[in-house]
């Protein structure tokens, strides 16, 4: 943040003599989301950062300095200061705990936290959200849909200090197209599972049946691993992981069915082979229903 060194002593004297907190309006106007690194949990943003105050003349008293507590600022440019207004363009890398529970239909929150530094503690300044805070109409992020921003003020204190500071928090929500996520990630898996059920149609052609039962397993493992490369290591199951557990169970049931039918055929139990075929076909939805309840309702 721009702080003229020539104003340092004047600013300290001004803040020390304050009888009431100074009202400061803060604005973040997002220009662009440059990149979202989902594996490392960071994102690069480009935005305008502005402060307004009718209580302070920024041509004689330096504007409050702000620290972006969840980011590393790489560039500040286009600084402009007038009597009650200051703006600057900020580019940097920011960090937030990204939630992938609903992957591949997740909504990611890109957060920016701005906190005034000493001496602008909570008893010296009161932050307000400027009504112009938001997202530029030309802002975009490749591969994602950028939702409207949310803004709020919160307080924060440090254990090593007695002072408390107010924070301006901007949250921008981004998500991929649900239809696109379904067609690219979920639909191929469903097609592979559907192919594995062809084994029930030709129960006595065991070479064909074995191939139809086993090859989908290889295919879904490949699809699962390839999709997980888009995510960081997670300590919880995503929606996609839960779906894959059900898929593995369906294919495992088909493989067991094939093995039991081959065994019945070897022992010349032709009628038994058909009974095994129908039994495993009928219990498939039962297995899927039980797993859906356990994974989506209980976990």
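Starting from the exponent 0.38 and prefactor 2.2 Å, build the expected Rg for the range 5-176 from its residue count and divide its actual Cα Rg by it. Each step should come with its number before you reach the end.
Values: Rg = 17.0 Å, N = 172, 2.2 N^0.38 = 15.6 Å.
Ratio of Cα Rg to 2.2 N^0.38 Å: 1.09.
Based on the inverse mean of 1/r over its pairs of different Cα atoms, what is the Kirkwood hydrodynamic radius of the range 117-187, in Å? Please list the in-between numbers first.
On the way: mean 1/r = 0.0649 Å⁻¹.
Result for the range 117-187 stands at 15.4 Å.
For residue 230 and residue 292, what is the calculated FRET efficiency with R₀ set at 22 Å and r taken between the beta-carbons, to the nearest 0.05? If you can, show how the numbers build up before the last one.
Details: r = 24 Å, r/R0 = 1.10.
Once the sixth-power term is evaluated, E becomes 0.35.
Could you work out the relative contact order of the chain? I mean the mean sequence separation of Cα pairs under 8 Å and 6+ apart, divided by the number of residues, in percent. Don't jump to the answer; show the numbers that get you there.
On the way: 514 pairs, mean separation 48.0, N = 299.
Normalised by residue count, the contact order of the chain is 16 percent.
Given an 8 Å cut-off on Cα distances and at least 6 residues of separation, report the relative contact order of the range 5-176 as a percent.
Working: 388 pairs, mean separation 43.8, N = 172.
Here the relative contact order equals 25 percent.
For a quick check: sort 121, 126 by the number of other beta carbons within 10 angstrom, fewest at the front. Mind showing how you got there, number by number?
On the way: 121 18, 126 15.
Going from sparsest to densest Cβ surroundings: 126, 121.
Grab the beta carbon distance between residue 182 and residue 214, set R0 = 25 Å, and tell me the FRET efficiency rounded to 0.05.
Efficiency for this residue pair is about 0.40.
Restricting to DSSP H runs of at least four residues, report the calculated mean residue ellipticity at 222 nm for the chain, -39500 (n - 2.57) per run over all residues, nearest 500 deg cm²/dmol. Before the final figure, lay out the partial values.
Details: 6 runs with 97 residues, N = 299.
Computed ellipticity for the chain at 222 nm equals -11000 deg cm²/dmol.
What FRET efficiency, computed as 1/(1 + (r/R0)^6) with R0 = 25 Å and r the Cβ-Cβ distance, is obtained for residue 148 and residue 76, rounded to the nearest 0.05?
Details: r = 26 Å, r/R0 = 1.02.
With R0 = 25 Å, the Cβ-Cβ based efficiency is 0.45.
Checking a compactness column here: for the range 179-298, what do you get for Rg(Cα) / (2.2 N^0.38 Å), N being the number of residues? Could the numbers behind the result be given before it?
On the way: Rg = 15.9 Å, N = 120, 2.2 N^0.38 = 13.6 Å.
Expressed relative to 2.2 N^0.38 Å, the Cα Rg reads 1.18.
For the chain, how big is Rg over Rh, using alpha carbon atoms and the Kirkwood form of Rh? Write out the running numbers ahead of the final one.
On the way: Rg = 29.4 Å, Rh = 23.6 Å.
Ratio of gyration radius to Kirkwood radius for the chain: 1.24.
For the residues 182, 14, what sequence is obtained by ranking on other C-beta atoms within 10 Å, fewest first?
Details: 182 13, 14 18.
The most exposed by this proxy come first: 182, 14.
Report the extension gain between residue 19 and residue 83 in nm, rounded to one decimal, defined as 0.36 nm multiplied by the number of residues separating them, less their alpha carbon distance. Let's see the in-between values first.
Values: separation 64, 0.36 × 64 = 23.04 nm, distance 2.13 nm.
My answer for the length gained is 20.9 nm.
Sorting 39, 112 on the 10 Å Cβ count, fewest up front, what's the list? Don't jump to the answer; show the numbers that get you there.
On the way: 39 11, 112 25.
If I rank by nearby Cβ atoms, fewest first, I get 39, 112.
Values in this text are rule-based calculations from the coordinates and carry no lab data. Given the structure is predicted, the values throughout are model-derived calculations rather than measurements. Cβ: placed from backbone, ideal geometry, glycine included. Neighbour counts: every protein chain shown.
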